[in-house]
């Protein structure tokens, strides 16, 4: 199990500067959240690669900037837009492969979409198969106000696609959707490949890990018993902290807990 920090936690700091901050702090695992189309240019990817190599980092996943448009681009009735979306995801898979990332994370469609669950899964698999050509796997993230925020939809997706229903599980999105994180993690664990972690309490639903009431010790023990080999990425928002150093303080505390459970 690898702990890391997503560049999204520093937004709106520019993507390359966020990656640099993570690297300077000695954090070896990260996820890159792209924030505009120009960041997919070869020249920009080269900048990211230089930073990655400079700090000997592992980029586990990438998050497309088109997340807010996926319902419109991928999961609508307009076939031509879907064909364009496949090309966009093809480019993300090329970039992910170059960066060494295994996963691309998708928000997916909105609840008011016109597609049935079966049609949704067909679109998802078409995108997934295209990215698989570059040895990159597309993960469906659970996101509030999206179809994937509904546990019944996640169950449907799992029933239809079985092992091909691969998920990124986000703690804060689970809380916002009205579910208990560990209950969903236990139910869908066999299909979870990646985690976005945060904390929560009466003070808010998106706090830095160990600033709320989530039982990270119990969570880590659960993952150890399951022999989980993937990553846990701290992904919070700018209002979740006052100073950037708080992100790294939280990360280092998590490392200590991991050390106690896994052995240093």
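The values are calculated or read from the model by the stated rules, or taken from the named source; none is laboratory data. None of the values given here were measured: they were computed from a predicted structure. Ideal geometry is used to build each Cβ from the backbone, glycine not excepted, and the neighbour counts take in all protein chains shown.
If you go through segment 1-30 and pick out every residue that is touching a residue at least 60 places away in the same chain (Cβ under 8 Å), closer than 13 Å to residue 57 by Cα and assigned to a helix (DSSP H, G or I), you end up with 1. Take the residues in segment 191-224 that are out of contact with any strand residue (DSSP E or B) (no Cβ under 7 Å at 6 or more places or on another chain) and part of a loop (DSSP other than H, G, I, E, B); name whichever of them is nearest to residue 170 (Cα to Cα). This residue is 215. Is it true that residue 74 is touching a strand residue (DSSP E or B) at 6+ places or on another chain (Cβ under 7 Å) and buried (at least 20 other Cβ atoms within 10 Å of the Cβ)? So residue 74 fails the test.
This table checks each residue for (1) outside any loop (DSSP other than H, G, I, E, B); (2) without any contact (Cβ under 8 Å) to a residue 60 or more places away in the chain.
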| position | (1), (2) |
| --- | --- |
| 50 | yes, yes |
| 61 | yes, no |
| 90 | yes, yes |
| 118 | yes, yes |
| 128 | yes, yes |
| 131 | yes, yes |
| 135 | no, yes |
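Would you check if residue 19 is closer than 30 Å to residue 224 by Cα, surrounded by fewer than 22 Cβ atoms within 10 Å (Cβ to Cβ), under 16 Å from the mean Cα position of the chain (by Cα) and modelled with pLDDT of 95 or more?
Spelling it out, it is not the case that residue 19 is closer than 30 Å to residue 224 by Cα, surrounded by fewer than 22 Cβ atoms within 10 Å (Cβ to Cβ), under 16 Å from the mean Cα position of the chain (by Cα) and modelled with pLDDT of 95 or more.
Just to be sure, is residue 98 at pLDDT 95 or above and in contact with a helix residue (DSSP H, G or I) (Cβ under 7 Å, 6 or more places away or on another chain)? When the stated conditions are applied, residue 98 passes them. Taking segment 236-264 as the range and being in a loop (DSSP other than H, G, I, E, B) and touching a residue at least 12 places away in the same chain (Cβ under 8 Å) as the test, the residues that pass are 236, 237, 241, 244.
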